[in-house]
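The block underneath contains the structure these notes are about, expressed in structure tokens.
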Amino acid sequence: MGTQGAVVSRHGLQSLGLRNLKDVYWNLTAPALYEQALTRGEARLAAGGPLVALTGEHTGRSPKDKFIVEEAESRDDVWWGEVNVPMEPAHFGRLLAKARAYLQGRDLFVQDCFAGADPAYRLPVRILTECAWHNLFARNMFIQPSHDELADFDPAFTVLQVPGLQADPETDGTRSECFVLVSFAQRIVLIGGTSYAGEIKKSVFSILNYLLPERGVLPMHCSANIGPKGDTAIFFGLSGTGKTTLSADGSRTLIGDDEHGWSDTGVFNFEGGCYAKVIRLSAEAEPEIYDTTRRFGTVLENVVMDADTRVLDLDSAHYTENTRASYPIDFIPNVSAAGQGGLPKNIVMLTADAFGVLPPISRLTPEQAMYHFLSGYTARVAGTEKGLGSEPTATFSTCFGAPFMPRHPSVYARMLRDKMQAAGANCWLVNTGWSGGQYGVGRRMDIKLTRAMLCAALAGQLDGVEVNAHPDFGVLVPANCPDVPSEVLDPRATWGDAQAYDRIAHDLVKRFENNFKQFEPYVDEGVLAAGIYQAAAE
Ligand SMILES: Nc1ncnc2c1ncn2[C@@H]1O[C@H](COP(=O)(O)OP(=O)(O)O)[C@@H](O)[C@H]1O
Ligand SMILES: C=C(OP(=O)(O)O)C(=O)O
Ligand SMILES: [Mn+2]
């Protein structure tokens with residue numbers, strides 16, 4: 001059983017003013033959290049053992065409902081704008097008071113965790129959730145302290161997640177009933193009105209992305225793994241581009257699938273678990289991730305399950321295209337127990353180009369790497385977000401993770417430039433999107449071919465290969481690649497209508513250029529030249 005209300009104050013929840021709770025459940029393990037979630041009707045048990053939870057209206061992140069509290073301590077460091085929107089402290093205070101009132105007489109689940117595998121930089125976070133299944137999600141996603149570390153656990157930040165509490169936009173300074181609020185000064189994250197578990201994960205990520213640059217660590221929205229020769233590779237990319245899929249590779253040791261820090265000594269995972277997209281998950285193309293969907297301890301979000309047979313239908317997007325699996329990272333067979341690796345030898349920038357005009361793999365000069373890091377291009381396709389039409393939508397999300405970056409992009413870009421140079425890292429642009437035509441005409445690049453290209457690049461098999469500067473994007477396209485048909489490598493050659501290719505490629509270059517104008521004051525001539533359309537092609 002949980003502790004009774006009376007003893008709650010001894011456990012330091014008073015810093016949040018939480019009183020008169022019903023029961024507080026501290027650091028329950030997976031079996032106990034399963035029991036709570038199932039008996040409370042929060043989730044159901046699937047065949048094989050995963051917990052299946054549905055999140056209702058919000059099945060993805062709500063970036064427009066995220067606010068950073070405007071406080072003296074952080075005001076000058078935050079890149080205010082349409083991504084990092086300020087909230088008055090008074091509104092934050094009102095919503096925190098509403099949360100306290102809402103939780104009176106209710107149960108609360110607590111997980112004390114670390115965010116950051118490198119002890120020198122890890123952040124002790126306390127995750128407070130209204131539901132048991134969100135507490136299991138947090139237990140999966142963050143790093144569990146040892147028994148001794150729990151005994152004197154002192155949280156640096158607290159996340160309070162109360163999906164049942166809805167804001168009133170009329171009086172609370174929010175955009176809708178849903179809110180994700182970050183107060184750097186009070187070191188509190190307050191989430192309400194949404195049950196999408198990714199908000200818990202990504203709000204902690206945002207905190208690290210604010211704190212770590214001051215300690216000389218580059219925070220990154222990337223996955224990472226280590227090759228047989230001890231070579232670390234990192235894979236930047238926006239949501240759905242392939243960070244999780246491609247970092248789970250039987251021939252390489254997984255460090256992490258989504259969030260990492262690059263320190264002076266190496267790369268470390270921020271998390272202790274993975275959060276994989278599982279829509280149309282193939283046992284053949286992604287065996288390691290597929291196996292996690294049959295295991296006790298995995299939390300499946302918005303996956304369809306037959307009520308009688310309890311069998312999953314991973315192909316169904318009935319609730320959402322963004323179905324997810326959250327699992328402890330050691331569910332992946334070949335994983336780094338320490339969650340750390342050496343300095344990166346290869347940097348891969350992933351883009352899911354639904355226009356189908358970027359090469360499936362190309363080498364980037366350091367200047368081109370900066371250009372693409374600041375651009376953060378991918379193209380979303382119909383269905384992945386509400387309101388999208390049938391045409392692909394070009395998306396530019398700086399640092400491949402704008403919604404999670406509280407500081408100005410140039411802070412992260414300059415750190416990447418310096419670290420990349422110091423490490424002598426190679427840089428690649430990999431298009432996991434469409435080939436042979438744009439979305440709806442062409443086909444998505446076969447995962448096996450993407451894996452073959454990456455395998456060759458990371459093993460150094462492309463180092464001596466002839467490259468041709470792409471006439472539109474300037475990136476350096478290899479003329480051949482082991483285990484990959486050469487005709488696949490030149491995207492223009494895969495289109496039936498070369499003129500249509502040129503039209504769409506030129507349009508995309510213009511989109512890149514228009515988007516990049518905001519960064520021109522922050523980069524040197526070399527980076528600017530890296531993105532300019534090659535006039536010779538006209
Ligand atoms: N060539 C490809 N490379 C990587 N992923 C691909 C490819 N083709 C299709 N996919 C699909 O794209 C999605 C990538 O999701 P995921 O790896 O979780 O992205 P991220 O971790 O970057 O959010 C998966 O559903 C995967 O099956
Ligand atoms: C979970 C998310 O990240 P990713 O899809 O990159 O794993 C997200 O963007 O909400
Ligand atoms: Mn991911």
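The values are calculated or read from the model by the stated rules, or taken from the named source; none is laboratory data. None of the values given here were measured: they were computed from a predicted structure. With ideal geometry, Cβ positions are generated from the backbone for all residues, glycine too; neighbour counts draw on all protein chains shown. Note: accessible area is taken over every heavy atom of the protein model, side chains too, but ligands, DNA and RNA are not part of it. Shrake-Rupley method; radii C 1.70, N 1.55, O 1.52, S 1.80 Å.
When Lys22, Lys201 are compared by accessible surface with a 1.4 Å probe, the order from highest to lowest is Lys22, Lys201.
Taking the charge dipole of the chain about its Cα centre, with +1 at Lys and Arg Cβ atoms and -1 at Asp and Glu Cβ atoms, the residue from Thr29, Gly237, Gly297 reaching farthest to the positive side is Thr29.
Dipole check for the stretch 392-538: with +1 at the C-beta of Lys and Arg, -1 at the C-beta of Asp and Glu, and the Cα centre as origin, the magnitude is about 620 Debye. Rounded to whole Å, give me the distance from the Cα center of the stretch 188-219 to that of the stretch 418-465. Using only Cα atoms to place each centre, the spacing works out to 29 Å.
With the whole protein complex present, Thr365 retains an accessible surface near 50 Å², based on a 1.4 Å probe.
Dipole check for the stretch 276-331: with +1 at the C-beta of Lys and Arg, -1 at the C-beta of Asp and Glu, and the Cα centre as origin, the magnitude is about 140 Debye. Annotation: Lys517 carries an accessible surface of approximately 110 Å², with a 1.4 Å probe and no ligand, DNA or RNA atoms counted.
Using a probe of 1.4 Å, the accessible surface attributed to Glu367 totals some 80 Å² when neighbouring protein chains are kept in position.
On a 1.4 Å probe surface of the protein chains, which of Arg175, Arg417 comes out largest in accessible area, and what is the full order? Please report the intermediate quantities before stating the final value.
On the way: Arg175 135, Arg417 95 Å².
Result, largest first: Arg175, Arg417.
Between the stretch 338-365 and the stretch 37-116, how far is it from one alpha carbon centroid to the other, in angstrom? Centre-to-centre distance over Cα atoms comes out at 31 Å.
Farthest towards the positive end of the charge dipole of the chain, among the residues Gly526, Ala325, Leu429, is the Cα of Ala325, using unit charges on the Cβ of Lys, Arg, Asp and Glu.
Bridging of Lys277 to aspartates and glutamates at a Cα separation below 12 Å is possible for Asp257, Asp258, Glu286, Glu301, Asp315, Glu321, once same-chain residues fewer than 8 apart are set aside. Dipole of the chain computed with +1 at Lys/Arg Cβ and -1 at Asp/Glu Cβ about the Cα centre; of Leu462, Cys131, Ala101, farthest Cα towards the positive end is Ala101. In the full protein context, the stretch 276-331 carries 43 Å² of accessible surface per residue, based on a 1.4 Å probe and ignoring ligands, DNA and RNA. Peptides 94-100, 233-239 ordered by packing proxy, namely the average of other Cβ atoms within 10 Å per residue, highest first: 233-239, 94-100. Residue ranges 320-326, 306-312, 461-467 sort as 320-326, 461-467, 306-312 when ordered by packing (mean number of other C-beta atoms within 10 Å per residue, highest first). With all protein chains in place and a 1.4 Å probe, the accessible surface of the chain carries 51 percent carbon and sulfur. Packing-based ranking of 133-142, 191-200 yields 133-142, 191-200, ordered from highest to lowest mean Cβ neighbour count within 10 Å.
Dipole size in debye (nearest 20) for the chain around its Cα centre, Lys and Arg Cβ +1, Asp and Glu Cβ -1? Before the final figure, lay out each step's value.
Working: 47 positive and 64 negative charges, 150 e Å.
The dipole of the chain has a size of about 720 debye.
Filter Lys64/Lys98; Lys419/Lys517; Lys66/Lys243 down to the pairs with a C-alpha to C-alpha distance above 27 Å, please. Walk me through the numbers before you get to the answer.
Working: Lys64/Lys98 21 Å; Lys419/Lys517 24 Å; Lys66/Lys243 24 Å.
Correct reply: none exceed it.
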